[in-house]
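Worksheet for the structure shown next.
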Amino acid sequence: MKDDRKQFWLGVRDLLPLMSGVLPFGLITGATGMSLGMDPGMVVGMTALFFAGSAQLAAYSLIQDNAPFIIIVATTMVINLRFAIYSASFAPILGPLPKRYRFSLAYILSDQVYGLCSMPVQMAKNRSERIWYLAGVALALYVTWMISVILGIVLGAGIPAHWSLEFTIPLAFLAMLVTTITSRLLLMVAVISGCCAIAFQLLPFNSGFIVAVVAGVLGGWLLPGWLKMRGTHE
Amino acid sequence: MSDNLQLWLLFVAVGLGTFLIRLSFIQFHGSAEALIARSKHVLTLLPPAILAALCIPAIVFTRPLTAYQPDYFQWIAALIAILIARFSRSVFWPVAGGMICLWLLRYLTS
């Protein structure tokens, strides 16, 4: 029991340096919601329901463009598909837990939790230690996120429009994009998807976004094999 | 008012969907290992595809997108952000650097 508590606080402590990245993202998320004309309660409710920053920012821009309901849902689901990877990675330790712990820990899974808990040092621990460590990281991140969004709501109303703060959203996605590109294959995927997003941006109902994502993934999936085949024939 | 109701419906639908994605493999633990192994490669391709589709049009053109107006200041700001992102793991510094660059360019030319 004492060891478990130690693991929990270790998780909280390991999250502290990551707060510098979470805080501004939360501020942007809260402030942008206010700039779209939503009332504070709505932004907080949306944040608690989503608990997914990039999906929330994407939903903002689609709401702004008056995209239909189903396109907004589809887009955010595609963005959140990465959580399926996290779910799969933690299934062995979280799957056997009682329902209330299983559900609540699943709800607060995030990129940062995945990043910290899938490091080799953590993987070497026993199952109970890993669960408590994960709970510490996840809960600390959840609290940080909610507080920074609320701060953004409070500060957001005072920010003038000509500062173009909404441009921070594509910049934030761009920064995330740069860090996810770890190989030439992934760079190719990003280039295909980005070009298609521009080429198809006038398709009705913002469906160009889905077309671009599918094209990027298909390209990354099929092109390496195709290029290899051509290489051996030459 | 009905607008707000529709937004709440949207938030609940997305919230529920997101939760189900997070729960997916945890809930079906034990019966889905083969599927995970097969889809892992495709799942790693998703993040760059999604992020690029999200940000590239918004950087290349100014809103409203229908006007197709390229904004060169935004291009330069994005280049600065890419350069910073290559050295900093956090999202904060590229965004801050890009915004400062955009503000400077607009200030100098106004």
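The values are calculated or read from the model by the stated rules, or taken from the named source; none is laboratory data. What you are looking at is a predicted structure, and each value in this text was computed from that prediction instead of being measured. Backbone-built Cβ (ideal geometry, glycine too); neighbour counts: all protein chains shown.
Considering only region A:87-96, state which residues are assigned to a helix (DSSP H, G or I) and facing chain B (nearest Cβ under 7 Å). Walk me through it before giving the result.
Of all residues in region A:87-96, those assigned to a helix (DSSP H, G or I) come to A:87-94.
A:SER87, A:ALA88, A:PHE90, A:ALA91, A:PRO92, A:LEU94 - these are the residues of region A:87-96 that are assigned to a helix (DSSP H, G or I) and facing chain B (nearest Cβ under 7 Å).
So A:VAL43 fits all but one of (1) within 26 Å of A:VAL214 (Cβ to Cβ); (2) surrounded by 18 or more Cβ atoms within 10 Å (Cβ to Cβ); (3) in contact (Cβ under 8 Å) with a residue 60 or more places away in the chain; what number is the exception?
Result: A:VAL43 passes all but (1).
Give A:GLY225, A:GLY231, A:GLY152, A:GLY208 a once-over and let me know the one that is at pLDDT 90 or above and at negative phi. Reasoning before the result, please.
Values: A:GLY225 fails: at pLDDT 90 or above; A:GLY231 fails: at pLDDT 90 or above; A:GLY208 fails: at pLDDT 90 or above.
Result: A:GLY152 is the single residue among A:GLY225, A:GLY231, A:GLY152, A:GLY208 that is at pLDDT 90 or above and at negative phi.
Given the criterion facing chain B (nearest Cβ under 9 Å) and of a type in the set (D, E, K, R), identify the matching residue among A:ARG13, A:ARG82, A:ARG100, A:ARG5. I'd like the intermediate steps shown before the answer.
Numbers: A:ARG13 fails: facing chain B (nearest Cβ under 9 Å); A:ARG100 fails: facing chain B (nearest Cβ under 9 Å); A:ARG5 fails: facing chain B (nearest Cβ under 9 Å).
Being facing chain B (nearest Cβ under 9 Å) and of a type in the set (D, E, K, R) holds for just one of A:ARG13, A:ARG82, A:ARG100, A:ARG5, which is A:ARG82.
Counting just the residues of region A:145-154 that are surrounded by fewer than 24 Cβ atoms within 10 Å (Cβ to Cβ) and touching a Leu at 6+ places or on another chain (Cβ under 7 Å), which one comes out farthest from B:LEU51 (Cα to Cα)?
For region A:145-154, the residue satisfying everything is A:LEU151.
If you scan region A:86-98, which residues turn out to be in contact with a Leu (Cβ under 9 Å, 6 or more places away or on another chain) and farther than 11 Å from A:SER110 by Cα? Spell out the reasoning first.
From region A:86-98, those in contact with a Leu (Cβ under 9 Å, 6 or more places away or on another chain) are A:86-88, A:90, A:93-94, A:97; that's our starting set.
Passing the criteria: A:ALA88, A:PHE90, A:ILE93, A:LEU94, A:LEU97.
Residues to consider are A:SER61, A:SER128, A:SER110, A:SER104; find the one that is of a type in the set (Gly, Ala, Ser), out of contact with any His (no Cβ under 6 Å at 6 or more places or on another chain) and over 30 Å from A:ASP39 (Cβ atoms).
Values: A:SER61 fails: over 30 Å from A:ASP39 (Cβ atoms); A:SER110 fails: over 30 Å from A:ASP39 (Cβ atoms); A:SER104 fails: over 30 Å from A:ASP39 (Cβ atoms).
Result of the check over A:SER61, A:SER128, A:SER110, A:SER104: A:SER128.
What tally of residues in region B:70-85 results from selecting those that are more than 7 Å from chain A (Cβ to nearest Cβ), modelled with pLDDT under 90 and within 17 Å of the chain's Cα centre (by Cα)?
0
Do we find that A:VAL213 is assigned to a helix (DSSP H, G or I) and within 7 Å of another protein chain (Cβ to nearest Cβ) in this structure? Quick ask: steps written out before the conclusion?
Details: assigned to a helix (DSSP H, G or I): yes; within 7 Å of another protein chain (Cβ to nearest Cβ): yes.
So A:VAL213 passes the test.
Only one residue in A:LEU116, A:LEU109 is buried (at least 20 other Cβ atoms within 10 Å of the Cβ), assigned by TED's automatic domain parsing to the domain that holds A:TRP145 and outside any helix (DSSP H, G or I), so which one is that? Steps first, answer last, please.
Numbers: A:LEU116 fails: outside any helix (DSSP H, G or I).
A:LEU109 is the lone residue from the list that is buried (at least 20 other Cβ atoms within 10 Å of the Cβ), assigned by TED's automatic domain parsing to the domain that holds A:TRP145 and outside any helix (DSSP H, G or I).
When you go through A:ALA161, A:ALA172 one by one, which is the residue that is surrounded by fewer than 22 Cβ atoms within 10 Å (Cβ to Cβ) and modelled with pLDDT under 80?
Values: A:ALA172 fails: surrounded by fewer than 22 Cβ atoms within 10 Å (Cβ to Cβ).
Just one listed residue meets the conditions, A:ALA161.
All but one of (1) part of a helix (DSSP H, G or I); (2) over 20 Å from the mean Cα position of the chain (by Cα); (3) at the interface with chain B (Cβ under 10 Å from one of its Cβ atoms); (4) surrounded by fewer than 17 Cβ atoms within 10 Å (Cβ to Cβ) hold for A:ALA48, so report the exception by its number.
Every listed condition holds for A:ALA48 apart from (2).
Looking only at region A:185-199, which residues are facing chain B (nearest Cβ under 7 Å) and free of Cβ contacts under 8 Å to residues at least 12 places away in the same chain?
A:ILE198
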